[in-house]
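> The structure's right below; bear with me while I get my questions together.
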Amino acid sequence: MNNILRIENLTVRVDNHQILKDFDLNINKGEVHVLLGPNGAGKTTLIKSILGFKKYVVESGKIYFKGEDITNLSISERVSKGIGVLFQHPPEINGVKLSKLLTVCDQKRNMFTKETTENACDSDLDEYMDSLAQRLKFSKDYLERDVNTGISGGEIKRSEILQMMVMQPEFLLFDEPDSGVDVENVEIIASIMRELLDRDKVPSKQEKSGLIITHLGYILKFLGHITRAHIVMDGKILCSGNPKQIINGVMKNGFEKCRECISCIDSTEKLEEVDFTL
Amino acid sequence: MIDKDKADDDIDLNDYKIEDLKTSKFYKSEQEIPDELRNSMKKVGIEVDSDKSGIFLQSGNKPDLCVSKVQGIELMPLKEALKIYDGSDGKLNLQDYFWKAVSSDKDKFTTEAAINEITDGYFIHALAGQKTIFPLQSCLFIPPFPGLKQVVHNIIIAEPGSQLDIITGCTAHTGAKSAIHLGVSEFYAKKDAKISFTMVHNWTETTKVRPRTGIILEENAKFSNFYVVMSEVKNLQTNPSIKLIGKNASYFGQTLIYAKGESYYDIGATAHLIGEGSKAEIISRVLAVDNSHVIARGKIIGDGKDVTGHIDCSALLLSPTARVDSIPAIVAQNPEVTLTHEASVGKISDDHIEYLMSRGLTEDEAINLIVSGFLDVDTSPLPPSLAEETKKIIDIVSKSEMG
């Protein structure tokens, strides 16, 4: 199988606190994984470490993207290779209009991808925004506001989604995509996530991959096929397997039980779908 | 602590002199302006050939050109206006407007301008109900004359219901070593009048600059003030005083400073809200690099009933040796006032840079995008033609100054 992201023995420190410890994860092309865990488990740290944020210091271990060691690359170099991210709490950037940022994202995507025919918005950014405005239910003057400034949780998600719809990365990181979003908007966001991740295509045509972080996966109901789920606690993956089984286990017993692992997953059930090796 | 050598009291006006005014030229039309001067004017956004309601040009201390194209909007050298408007036959008496918005004994610079009888400036007068369609332009230029003292006195009067849009550029020839610019400007906006004023300064690293501006706003008068300086300067100090004496008068002032080199700026504005329901907004955006030092002040005094005022000073420091002091002050002298301020000074946050880098921008591209956004001023209070012009000027100036 074609490997997209491989994390090996990653130990990450933030302000002198070790957050990730010997963390391993392997995601193949076309796969979507979900990472579940309580607050403070290290989920957002993982995302920011994959991207290479300065504060997230890799003490040991490696991150490979499409087989290439990216552990020491800058954020923009990693992104140029096809990584995209939807943040949970993006910063407010005064003076920079969303429309301007989207134009920059569009230029970057054109620069990063040689074959523009595959991309969703090779025609015209304005027309593309018009069609997205309808689907995502926003008015065009929303684009003329400063990035993430003075807007609601749902609007922040839209802004993040629009940027990713323009960039169309091969591999997407989602940090709590449904947090702060009301019920009717969850389905809209989920439908866009399915599109970004090729989930509505037949499995053989699913080229995109992703990692979704959530502390309780309500949105997962709407996302179609998820390849694997992992439970992360105290900076380590404690359990991996079939998403349904993992989520059911967490729903029933809570994360705390994972620490002592009560083997809540019935290993005889649908065993063929579950691969316990990483 | 403010550096002593950069502060105000080191200026001795006796070190400067006024050029021989007998040799100065007066052009009859825009076409006669020499190319060199034309190019200097372009740097402050003044294009002499473009379609404008009028143009005034002064090099040193004597007007070079004065063309007024619109009926009902008068533009002339101040000395000439003083002869015409003497109060006879029911005409305006310009003496009534002399040193009323700026007091002549405010400091040594205003005193110098007051006792000086030979230098000039412009007079702009919008008759009642008259409106400029295209902005009026004025340009004050310091010629390559070492140690020159340019002393300018301008008076601008907008009669009731009139509207004036003015672009003014002040600039110095690169050979104008150690010159000083003293500019007194007195603005009077009467009932329901509207003045929009965009001023662009482009100095050299040896120029000292002392603009002294006073603005008096009567009932329902509106004033929008845009001030842009993106060049080096030796030492610049200005603090326009705005008196909102009429009911519902309003003032909106926005200052944009790109400070570099060894430049020292002490800039501010003081608005006094006297008329019931009057309001003022003072905004400054400062970008400081190299060893520059900027003091950004803003002061609003609330006296009248139901007045509102807001000060917003933000500054970005892009060098470890630059310095910005942000000093907002709000003074309430009546319980029924609403005054607020916000100020922020600092470097660009890593969070912002990293966020933009996660969209594929390099670190430099991310910084540039944030900086250009920071300087993207809100020109919406200006009338469309002037807003467009102001944006264009800021764009031209920032491109040439910031590369």
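The values are calculated or read from the model by the stated rules, or taken from the named source; none is laboratory data. Fair warning: this is a prediction, and the values are worked out from it, not measured in the lab. Cβ atoms come from the backbone with ideal geometry, glycine included; neighbour counts cover every protein chain shown. Protein only, heavy atoms only, side chains kept; ligands, DNA and RNA dropped before computing areas. Shrake-Rupley method; radii C 1.70, N 1.55, O 1.52, S 1.80 Å.
> Among the residues of region B:355-370, what is the count of those that are more than 7 Å from chain A (Cβ to nearest Cβ) and open to solvent by 10 Å² or more (accessible area, probe 1.4 Å)? Give the steps one after another, and end with the answer.
Pass one, region B:355-370, residues more than 7 Å from chain A (Cβ to nearest Cβ): B:356, B:363-368.
Keeping just the survivors that are open to solvent by 10 Å² or more (accessible area, probe 1.4 Å) gives B:363-365, B:367-368.
Residues in region B:355-370 being more than 7 Å from chain A (Cβ to nearest Cβ) and open to solvent by 10 Å² or more (accessible area, probe 1.4 Å): 5 in total.
> Filter region A:59-80 down to the residues that are open to solvent by 50 Å² or more (accessible area, probe 1.4 Å) and more than 10 Å from every other protein chain (Cβ to nearest Cβ) and list them by number.
Step one: filter region A:59-80 for residues open to solvent by 50 Å² or more (accessible area, probe 1.4 Å), giving A:59-60, A:62, A:66-69, A:72, A:77.
Once the filter is applied, which keeps residues that are open to solvent by 50 Å² or more (accessible area, probe 1.4 Å) and more than 10 Å from every other protein chain (Cβ to nearest Cβ), region A:59-80 yields A:Glu59, A:Ser60, A:Lys62, A:Lys66, A:Gly67, A:Glu68, A:Asp69, A:Asn72.
> Follow-up. State all residues of region A:89-98 that are surrounded by 19 or more Cβ atoms within 10 Å (Cβ to Cβ) and outside any strand (DSSP E or B); if no residue qualifies, say none.
Looking only at region A:89-98, we keep the residues that are surrounded by 19 or more Cβ atoms within 10 Å (Cβ to Cβ), and these are A:90, A:93, A:95-96, A:98.
A:Pro90, A:Leu98 - these are the residues of region A:89-98 that are surrounded by 19 or more Cβ atoms within 10 Å (Cβ to Cβ) and outside any strand (DSSP E or B).
> May I ask you to say which residue of B:Ile242, B:Ile274 is within 21 Å of B:Glu186 (Cβ to Cβ), assigned by TED's automatic domain parsing to the domain that holds B:His181, aliphatic (A, V, I, L, M) and more than 16 Å from the chain's Cα centre (by Cα)?
Matching residue, one of B:Ile242, B:Ile274: B:Ile274.
> Out of region A:45-58, which residues are β-branched (Val, Ile, Thr) and either at the interface with chain B (Cβ under 7 Å from one of its Cβ atoms) or part of a helix (DSSP H, G or I) (or both)?
Within region A:45-58, A:Thr45, A:Ile47, A:Ile50 meet the criteria.
> Is there a residue in region B:376-385 that is surrounded by 16 or more Cβ atoms within 10 Å (Cβ to Cβ) and either without any contact (Cβ under 8 Å) to a residue 40 or more places away in the chain or more than 30 Å from B:Lys131 (Cα to Cα) (or both)?
Yes, some residue in region B:376-385 is surrounded by 16 or more Cβ atoms within 10 Å (Cβ to Cβ) and either without any contact (Cβ under 8 Å) to a residue 40 or more places away in the chain or more than 30 Å from B:Lys131 (Cα to Cα) (or both).
> Can you report the number of residues in region B:57-85 which are assigned to a strand (DSSP E or B), of a type in the set (Ser, Thr, Tyr) and under 23 Å from B:Thr132 (Cα atoms)?
1
> Going through region B:344-354 one residue at a time, which ones are open to solvent by 30 Å² or more (accessible area, probe 1.4 Å) and touching a strand residue (DSSP E or B) at 6+ places or on another chain (Cβ under 9 Å)?
B:Ser344, B:Val345, B:Lys347, B:His352
Per-residue answers, yes or no, for (1) at pLDDT below 90; (2) under 19 Å from the mean Cα position of the chain (by Cα):
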residue	(1), (2)
B:Lys42	yes, yes
B:Ser50	yes, no
B:Gly54	yes, yes
B:Leu82	no, no
B:Asn93	no, no
B:Val102	no, yes
B:Asn116	yes, no
B:Gly129	no, no
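> So which residues in region B:27-37 are part of a loop (DSSP other than H, G, I, E, B) and surrounded by 12 or more Cβ atoms within 10 Å (Cβ to Cβ)?
B:Tyr27, B:Ile33
> Tell me which residues, restricted to region A:146-168, are part of a loop (DSSP other than H, G, I, E, B), within 11 Å of chain B (Cβ to nearest Cβ) and open to solvent by 10 Å² or more (accessible area, probe 1.4 Å).
Within region A:146-168, A:Thr149 is the sole residue that qualifies.
> Being more than 19 Å from A:Gly224 (Cα to Cα), buried (at least 20 other Cβ atoms within 10 Å of the Cβ) and in contact with a strand residue (DSSP E or B) (Cβ under 7 Å, 6 or more places away or on another chain) is the filter here; which residues of region A:238-253 pass it?
If the condition is that a residue be more than 19 Å from A:Gly224 (Cα to Cα), buried (at least 20 other Cβ atoms within 10 Å of the Cβ) and in contact with a strand residue (DSSP E or B) (Cβ under 7 Å, 6 or more places away or on another chain), then A:Cys239, A:Val250 are the ones that fit.
> Any chance region B:307-329 includes a residue that's of a type in the set (A, V, I, L, M), within 14 Å of chain A (Cβ to nearest Cβ) and not in a loop (DSSP other than H, G, I, E, B)?
From region B:307-329, those of a type in the set (A, V, I, L, M) are B:307, B:311, B:315-318, B:322, B:324, B:327, B:329; that's our starting set.
Next, only the ones that are within 14 Å of chain A (Cβ to nearest Cβ) stay: B:315-316.
Filter once more, so that each one left must be not in a loop (DSSP other than H, G, I, E, B): B:315-316.
So far as region B:307-329 goes, yes, one or more of its residues are of a type in the set (A, V, I, L, M), within 14 Å of chain A (Cβ to nearest Cβ) and not in a loop (DSSP other than H, G, I, E, B).
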